[in-house]
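Trainee: The structure under discussion is supplied below as structure tokens; questions concerning it will follow.
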Amino acid sequence: MRGYLSIGEFSRMTHLTVKALRHYHDVGLLAPVAIDPATGYRSYAPAQVAEAQAIHRLRDLEMPIDDVRAVLAAGDAAARQDALAAHLGRLEDRLAETQSMVASLRTLLGDEGPQAPIELRSVPALLALAITGRVTFTESGEWLGDALAELAASGPAAGPAGALFAPELFEDGIGEVVAYVPAPEASSAPPTDGHRGRVAPVVIPAAELAVTDHVGALTELDQSYGRLGRFVAEKGIGAGGPIRETYLVSYADTDDESAHRTVVGWPVVADRP
């Protein structure tokens, strides 16, 4: 048809392959202006070139097709800018995660730098307010964040928040997690009045632990776990029981993950040498 472009011509103008153009038509993202009923050949209008080029760039930015469709369908420039800004924000977050993973891999491959010491410590029983849940390992991070936020909203605490992680969480992929905050020091027993929802008074039991101070993001916490596990195994002092984390500096204090500080405790036998 006069003034229309064949799919091959349109492909060359937009740097989208014929296969990609057919796919975008099939998913309703970029439809040709005409289809020959006898041959099935697709034809495009010159006015569609700019739209196709925009699709090309958005897909190069790894934007999902549904999001590309939303950008193209946005009624005004401000809405399109908002949708694009949201996707660019996700890309920046992914880039930060990638950079963190690269740094972690460099550490694992030998460029470790200084490491926090490991010490043996007796931890007394602790009166606390806690939220207990049975969760999968995959969902444990999100669950813990929600639980700690709920505990923080329940009232003042007598010290930093912490959590206990049952061995089954790591071994089977599902297990008990106890998020807690120390009860106010003025109480001789965990307070019960005024607390609602999942928050309940508990006694965090005394424990013998090998501990180390982890500085940095929680996504790197497996390195401190590995160091503690090797230390305990080499000395033959491992014991059953939950691993304990204490959040001395966390998101409640700063968004700077490099400043976060978590004490990790690995259970050991009481009669250690």
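Readers should treat all values here as calculations from the given coordinates under stated rules, not as data from a laboratory. Since this is a predicted model, take the numbers as computed values, not measurements. Quick reminder, even Gly has a Cβ in these numbers, built from the backbone with ideal geometry, and neighbours come from all protein chains shown.
Trainee: Any idea which of Ala166, Leu30, Ala74 is furthest toward the positive side of the dipole for the chain, if Lys and Arg beta-carbons carry +1 and Asp and Glu beta-carbons -1?
Mentor: Leu30
Trainee: How would the chain be classified by its alpha-carbon gyration tensor: rounded, prolate or oblate, with rounded meaning a/c under 1.5 and the a/b versus b/c comparison settling the rest?
Mentor: Prolate shape, in that a/c is at least 1.5 and a/b is the bigger ratio.
Trainee: Another question, then. Can you give the three extents of the C-alpha atoms in the stretch 192-273 along their principal axes, from longest to shortest, in whole Å?
Mentor: Result for the stretch 192-273: principal-axis Cα extents of 45, 33, 15 Å.
Trainee: Quick one: putting +1 on the C-beta of Lys and Arg, -1 on the C-beta of Asp and Glu, what dipole do you get for the chain around its Cα centre, in Debye to the nearest 20?
Mentor: 820
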